[in-house]
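The values are calculated or read from the model by the stated rules, or taken from the named source; none is laboratory data. Given the structure is predicted, the values throughout are model-derived calculations rather than measurements. Quick reminder, even Gly has a Cβ in these numbers, built from the backbone with ideal geometry, and neighbours come from all protein chains shown. Only protein heavy atoms, including side chains, enter the accessible area calculation; ligands, DNA and RNA are left aside. Shrake-Rupley method; radii C 1.70, N 1.55, O 1.52, S 1.80 Å.
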Amino acid sequence: MIRLAGVGHVYSQGTPWARRGLEAVDLSIGRGDGLLVAGANGSGKTTLAWILAGMLVPTEGVAELDGEPLHQAGPRAALAFQHARLQLFRPTVGQDVAFGTPMGDPEVDDALRTVGLDPVEVRDRRIDALSGGQQRRVALAGLIARRPELLVLDEPFSGLDAEGRATLVEVLGRLRTSGLSVVVVSHDYEDADRFADRVVVLESGRMVFDEPTAEALHDGRLFAALEEAG
Amino acid sequence: MSRPASAPGQAVTEINLLRYVPVDSPVHRLWAGTKIVALVAIGVAVSEKPHWYGELVVAGVVVVAAVLARVPIGAVPRFPRWFWIGVGLTAVIAGFSGGKPNLHLGGLTVGVGGLDEWGRLTFLVLLLLGLSSVLGWTTRMADLAPALSTLMAPLRLVRLPVDEIIVTSALAVRCLPLLVDEMRILHAARRARQPETPEKLREIASTLHDILVTALVSAVRRAQEMADAIEARGGVGSVIASRPRLRPAEVLTWLVTAVVTAAVVLL
């Protein structure tokens, strides 16, 4: 479904500030697959996330979804950013989830339930009255409401408490079983096998590790790869 | 009508305006205050009464400074297509205004005064951007505040809060890349929620409204956090002033600035 072949990206190409974000990445993601992208700061994780979500056109290689360039995939691919507040455009939860879609209250309520929020409790609440974790789940509901085929999440667990994190892990697992492909960019690997069946590690823009998550976590190879990648 | 936002040209790119070019050159080695004085003196002189001769002299100064600073051609800002379309449209509108001098084309007399004025003012804006770019390419952000502290020292005599003004300005400039990055994310977030590019005026206005309101909320929150952090560290403190060293290059730059400023005013 999603194919990356020889994908690389150079920021500010042709200027004195040119710097490589990604190099020669080959990757394929099937329908309903879950992928964890790990690596140190500056390793290219966010660049990969933006390319997968069609927000950035790679300067090298091919990135496509069902044979169509990813940057032309429109609502079929979606990206949830680390700072949820920047993704919320309407004053109340219900208005925000429905934003950009023709959906009514029942569909909004469904989207809120999917991310583990009680519609009766939160639908009419103001966005700025929500906690950080709740804002993140509302942003997720807004993306899910557009029924994407690929959902990319950049550091979705940062700043969440244990309960918020557990809920999000459960939500991601549930989304995958509904056929949505999920890519999670994160430094947090706890319970990763519940939402990702594969894990890749990036180092200086190159993919240096690609293994099934459960094995990589349980036999410690993921941590060895991360340590080696610095 | 809306269309899918899919053209490669719509990919999010970095904005490199006024960014430091890390090379060693005589212009890089100049004291930041010297460059600020040159920028302000020449900029004010050419803006006071813009004329083609003065502007050409300043254009020469910008080109020579950029060459001496070993700034690669790739550093020159590239403007998006919509910018040049806007410039072209304003030229057409200015052209219709006519005015002296008149151009005689066969039996036709065309007044090009409006176009001439448009050309001078547009060139002036590009020149001011060029002067600022030379300062940005050759001066580290951290060197600006100490230089400003020295240059603005006389204002302390009239009890102006010089340190506060400098620190506030420096913080504002330092936060510019953060703001640009935030706008980039906002634009991308909006595209993630509504991938169709708005085409009707109402849709465009609505998009701008959404992005600006969200940016404002986020900027206010960030400013509050920054103010708390500054307070927690005991306030802004005072800026350590830097002094110019009396080197031949500094003296030469002051002389060139004086000559160019005088030439622009007197021409």
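Side notes on the structure shown:
- Fraction of beta bridges assigned by DSSP in chain A that are antiparallel (%, nearest 5): 55
- Surface exposure of the stretch A:5-74, expressed per residue as accessible area with a 1.4 Å probe, stands at 33 Å².
- At the residue level, B:W31 shows approximately 30 square angstrom of accessible surface with a 1.4 angstrom probe and all protein chains present.
- Split the accessible area of the stretch B:108-148 by element, probe 1.4 Å, and carbon with sulfur accounts for 71%.
- Other residues within the sphere of radius under 14 Å centred on the Cβ of A:I144, judged by their own Cβ, net out at +4 (K and R +1, D and E -1).
- Average accessible surface for the stretch B:167-267: 67 Å² per residue, computed with a 1.4 Å probe over protein heavy atoms with every protein chain in place.
- Cα centre as origin, Lys/Arg/Asp/Glu Cβ charges: chain B dipole, Debye: 260
- Heavy atoms of A:T213 accessible to a 1.4 Å probe, total area in Å² rounded to 10: 0
- Put B:F96, A:F157 in order of accessible area, highest first, and with a 1.4 Å probe you get B:F96, A:F157.
- In plain terms, the chain from B:L252 to B:L108 could stretch by 46.7 nm, reckoned as 0.36 nm per residue minus the Cα-Cα distance.
- Counting Cβ atoms of other protein chains within 10 Å of each residue's Cβ and taking the mean over peptide A:143-155 gives 1.
- Candidate cross-link partners of B:K35 among the aspartates and glutamates, defined by an alpha-carbon separation under 15 Å and a same-chain spacing of 8 or more, comprise B:D143, B:E250.
- Distance in nm between pseudo-label sites at B:R243 and B:L89 (7 Å out along the Cβ direction from Cα): 5.5
- When shorter helices are ignored and each DSSP H run of at least 4 residues is given -39500 (n - 2.57), the per-residue value for chain A at 222 nm works out to -9000 deg cm²/dmol.
- Across the options A:A98, A:F81, B:T109, the greatest Cα extent toward the positive end of the charge dipole of the protein assembly as shown (unit charges at beta carbon of Lys, Arg, Asp, Glu) belongs to B:T109.
- B:M226 paired with A:S204, simple spin-label distance in nm, labels 7 Å along Cα-to-beta-carbon: 3.4
- Under Karplus coefficients 6.51, -1.76 and 1.60, residue-wise ³J(HN,Hα) of the stretch B:119-134 in Hz, glycine/proline x: x, 5, 6, 5, 4, 4, 4, 5, 5, 4, 5, x, 4, 5, 5, 4
- Each peptide among B:255-267, A:104-116 gets the average number of other Cβ atoms lying within 10 Å of its residues, and from highest to lowest they stand as A:104-116, B:255-267.
- Accessible carbon and sulfur surface of chain A relative to its total accessible area, %, 1.4 Å: 47
- Total buried accessible area between A and B, probe 1.4 Å, nearest 100: 3000 Å².
- Overall form of chain A per C-alpha gyration tensor (a/c, 1.5; a/b vs b/c): prolate
- Relative contact order (%) - criterion: Cα under 8 Å, at least six apart; region: chain A: 27
- Structural size metrics of the protein assembly as shown, computed from C-alpha coordinates, are Rg and Dmax of 27.2, 90 Å.
- Using R0 = 41 Å, the C-beta based FRET efficiency linking B:E117 and A:Q95 works out to 0.30.
- 5 angstrom amide H check on A:L79, placed H, neighbours 5+ away: A:V152
- Beta bridges by DSSP in the stretch A:144-230, antiparallel share as percent, to the nearest 5: 55
- Estimated FRET transfer efficiency (B:S206, B:L17; beta-carbon r; R0 30 Å; 0.05): 0.65
- Over chain B: helical MRE at 222 nm, DSSP H runs n ≥ 4 each giving -39500 (n - 2.57), nearest 500: -22500 deg cm²/dmol
- Overall, the accessible surface of the stretch B:186-226 at a probe of 1.4 angstrom is composed of carbon and sulfur to the extent of 67 percent.
- Near A:G6: Cβ cut-off under 11 Å, other residues only, Lys/Arg at +1 and Asp/Glu at -1. The net charge is -2.
- Residue list for the stretch A:13-48, given a label point 7 angstrom along the Cα-to-Cβ vector of A:D219 and an amide N cut-off under 12 Å: none
- Residue-count net charge about B:V62 - beta-carbon cut-off 14 Å; Lys, Arg +1, Asp, Glu -1: 0
- Look at the alpha carbon pairs under 8 Å that are at least 6 residues apart: their mean separation over the length of chain B gives a relative contact order of 36 percent.
- Here the spin labels are modelled as points 7 Å beyond Cα on the Cα-Cβ line, and at A:E121 and A:D66 they lie 3.7 nm apart.
- Using a Förster distance of 22 Å, the FRET efficiency for B:S97-B:A59 (Cβ separation, nearest 0.05): 0.30
- Relative contact order, percent, the stretch B:23-150 [alpha-carbon distance under 8 Å, six or more residues apart]: 37
- Straight-distance candidates among the lysines for linking to B:K100, with alpha-carbon spacing under 22 Å and chain neighbours fewer than 8 residues away dropped: B:K49.
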